[in-house]
Protein chains: 2
Amino acid sequence: MKRKNLMTPGPSPVPSFVREALSREIVHHRTEEFKQTLSEVSKGLQHVFCTKNPVLIFACSGTGAMEAAVSNLFSSQDKVIAICGGKFGERWAAIAKAFGLDVVEMNIEWGASPAVEELKRIIDENKGVKGVLTTLCETSTATVYDVEAIAKITKEKNILLIIDAISGLGQDKLLPDTWGVDVVVGGSQKGFMLPPGLSFISLNDKAQEALKTSKSPKYYFDLNAALKSYAKSDTPYTPAVSLIVGLKEALEFIKTEGLEKRWVRFEKMAKATRQAAVALGLEIFSQRPSASVTAIKCPSQIKSSDMVKALRKQYGLSIAGGQGQVKDKIFRIAHMGWINEQDLIMCFSLLEKVLKDMGHKFKPGASLAALQEVFASGSQSQCSSSNCDIKAQMKI
Amino acid sequence: MKRKNLMTPGPSPVPSFVREALSREIVHHRTEEFKQTLSEVSKGLQHVFCTKNPVLIFACSGTGAMEAAVSNLFSSQDKVIAICGGKFGERWAAIAKAFGLDVVEMNIEWGASPAVEELKRIIDENKGVKGVLTTLCETSTATVYDVEAIAKITKEKNILLIIDAISGLGQDKLLPDTWGVDVVVGGSQKGFMLPPGLSFISLNDKAQEALKTSKSPKYYFDLNAALKSYAKSDTPYTPAVSLIVGLKEALEFIKTEGLEKRWVRFEKMAKATRQAAVALGLEIFSQRPSASVTAIKCPSQIKSSDMVKALRKQYGLSIAGGQGQVKDKIFRIAHMGWINEQDLIMCFSLLEKVLKDMGHKFKPGASLAALQEVFASGSQSQCSSSNCDIKAQMKI
């Protein structure tokens, strides 16, 4: 009997209390009842985004909200820097090019996080840069970028900073208001424990000001129209009602546990995952590993795509392989949203079986012992420090 | 005890077997299992669209797929005609303007259907028209346009014909391949019996050829990228997995009943709705009423928005009021997707109560008797004629 388990960095598992909400009878979107839902969801999103700014909801996948940022904040010929150190940084560059922007690509090694001094140099060398497009967690390399340090530079230079936080939000710490991040993009199918189909975008005052001058064509993703509707707890076009009703449940769950506690928990799960990999004689791919997903180098004799297929076929477990230039070289295990410590135990118990079958040598149970050791430890992440106090940050 | 009933033209009710599918555990979108679902769903969509052309799926509301048509088929300065006889014709014009197209608005009376000779004259007067943007059912006026006659002209003049069939598909007859419609846009929350969040677009060879020359900026809605993925039973970005899994169930249901039978059934329900309204001394608003939704003029002493509110507040029944220039003047009752004859009986029984409370005079039960009379009749719509044979039309 094969049970299915999803440990991919999106879609990630949807808990039953959210799935129950998805299956409820449909509500009309222009009713007081749905306005109330939208208003509660807005507050919940602000909590997870750690922001006082409006967080707009679109019916689309994350890429749609990334496009919204590009087409609403800039015009053709505007100069922007896209930090390309993985598939999603490259996506920023591709979207910006599609809209005729003048894109300066800051190419960094996959798995590395951008050197802040280098970014500063590129900004100084390229006069008139209007925006920096980058990621919180670059999902393809499982690397978390130092957004706080990047924001210091963009703030100083008065440049818009736009962060794709689709896979990182909810696990990797992000304090946009305190750090000075202007725009944050999120998606439903990762830390929010929902199916794919919704994306989110928050805009601070500086970003809202920039909307006024953009000349790029847009309609469905027009953020001015969306902000106008937002003020009335409404959306310009028919929203994805069932997903929003599900989102309300997911946000309440996150709030009950507490975002800070979740940051600490996922950080610990990420640490445990790394130590479990090391216990199997494997190497961590990322130089600055994320709390949302871990990328592990495959033993040289094994193609990661074969391993991923074997896990799915033999045991019903879905993890992710590598993309682009690291295809077949790495595999990725998600620890986000609804995934918990026991899922990691299950995941590594199956991973050990498949690695053994494929000829990799290690002591059976080594990864499970490593996981248990970290889980049992009182180890706290950096989030326990005082700058992790969301309430203080948000001045609530 | 107030039971909720949804008789609005989108969102419309979602049957329990679809809601059950929405609540299933999430499947990863890059698996053989999901590819199989996508491939079956594609065939089901082709059945409802009555086309052999690819029908692409986007995670967005219908407006997103309308934008996809505009931004992929045309370039800035291209001349198009938008038939404006309601809110959705006006939306076509607004999207085309947002993308810098040269829009010729063919303004017609709300509730009327476009005069084909007039359209011909406008095409002849405006040299270089590249496309006509219009609707199958103009939801705001509940009017079905004579797409077959319009297509005759656009075919003759070698102009692209793009049809917003979002509210009409599944109820109002549309034979794109036989008639020569190049592009058809659909949405999930009407005839497809799903929550909002998916939209569809079909493209014939002529439209696929036009994609190659468009210079408008686009990324999320890039139809070339979508067609490329479609060929591999894939999507360029993460699809709205749960909605697509639900769609599979809905499409199977439609296929089991048969699209032609459904056309006849909805036509009959529309006729019954009109006769029920007349039996209450009310007038039909549209000059060419749709099989998907009926617009009824409100008695002059009653504001339709008050009536809609009373129905919702007192009886839990949602119908739609008027939009734009007919706000407060008309109300609209949907008969699409999952709505059946008994829903109309329920709807009119409550409508009678509210109309009576608001001072309108009529014989109690008159509308119900009128409905029953039509339901009992052997009346067949024009669909029973030979040109309604889908299999012959599609040469299957």
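Read-outs throughout are calculated quantities, based only on the coordinates presented, and are distinct from any laboratory measurement. Since we're looking at a predicted model, the values are computed, not measured. Counting neighbours? That spans all protein chains shown, and the Cβs are built from the backbone with ideal geometry, glycine included.
Tabulated results
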| quantity | calculated |
| --- | --- |
| Distances in nm from A:Glu283 to the matching label points in the other copies, shortest first (labels 7 Å along Cα to Cβ) | 8.2 |
| Chain A, rotation onto B, residue closest to that axis via Cβ, with its distance in Å | A:Ser23, 2 |
| Taking chain A and dividing mean pair separation by its residue count, relative contact order in percent (alpha carbons under 8 Å, at least six apart) | 23 percent |
| Under-5 Å amide H pairs with A:Asp102, H placed in peptide plane, nonlocal only | A:Gln77, A:Asp78, A:Lys79, A:Val80 |
| Derived scalar couplings ³J(HN,Hα) [the stretch A:165-174; Karplus, 6.51 cos²θ - 1.76 cosθ + 1.60; whole Hz; x for Gly, Pro] | 10, 3, 8, x, 3, x, 10, 8, 4, 8 |
| Fluctuation leader among A:Arg30, A:Arg265, A:Arg274 - chain A, Gaussian network, Cα springs under 10 angstrom | A:Arg30 |
| Span from the the stretch A:243-317 Cα centroid across to the the stretch A:131-145 one, whole angstrom | 16 Å |
| Simple Cβ-charge dipole of the stretch A:16-256, Lys/Arg +1 and Asp/Glu -1, about Cα centre, in debye nearest 20 | 480 debye |
| Within the protein assembly as shown, percent of DSSP bridges classed antiparallel, to nearest 5 | 50 percent |
| Inverse of mean 1/r across different Cα pairs in the protein assembly as shown, Kirkwood, Å | 27.6 Å |
| Phi to ³J(HN,Hα) by Karplus 6.51 cos²θ - 1.76 cosθ + 1.60 over the stretch B:243-250, Hz, x for Gly, Pro | 5, 5, 5, x, 4, 4, 5, 4 |
| Packing-based exposure ordering (other Cβ within 10 Å, fewest first) of A:Ile150, B:Ile302 | B:Ile302, A:Ile150 |
| Cβ-based exposure ranking for B:Ser23, B:Ser292, B:Ser199, A:Ser39, in which fewest neighbours within 10 Å come first | A:Ser39, B:Ser23, B:Ser199, B:Ser292 |
| Cβ-placed point charges (K, R +1; D, E -1), dipole of the protein assembly as shown about Cα centre in debye, nearest 20 | 820 debye |
| Shortest-first distances to equivalent copies, position A:Gln301, nm, label 7 Å out along Cβ | 9.2 |
| Amide H partners (placed H, <5 Å) of A:Asn5, local residues excluded | A:Leu317, A:Ser318 |
| Residue order, fewest to most surrounding Cβ atoms within 10 angstrom, among A:Met66, A:Met193 | A:Met193, A:Met66 |
| Only Lys, Arg (+1) and Asp, Glu (-1) charged, at Cβ; the stretch B:13-92 dipole about Cα centre in debye | 160 debye |
| Helix axis angle, B:147-157 relative to chain B longest principal axis, alpha carbon, degrees | 30 degrees |
| Distance (nanometres) between label positions extended 7 Å along Cα→Cβ at B:Asp306 and A:Asn340 | 5.5 nm |
| Label point 7 Å beyond Cα along the C-beta direction, distances from B:Ala112 to other copies (nm, shortest first) | 6.8 |
| Where chymotrypsin sites (Phe, Trp or Tyr not before Pro) fall in DSSP loop in the stretch A:332-375, at most 15 other Cβ within 10 Å | A:Phe362 |
| HN-Hα J in Hz across the stretch B:210-218 - Karplus 6.51, -1.76, 1.60, θ = phi - 60°, x for Gly and Pro | 5, 4, 5, 9, 5, 10, 5, x, 6 |
| DSSP beta bridges in chain A [antiparallel fraction, %, rounded to 5] | 50 percent |
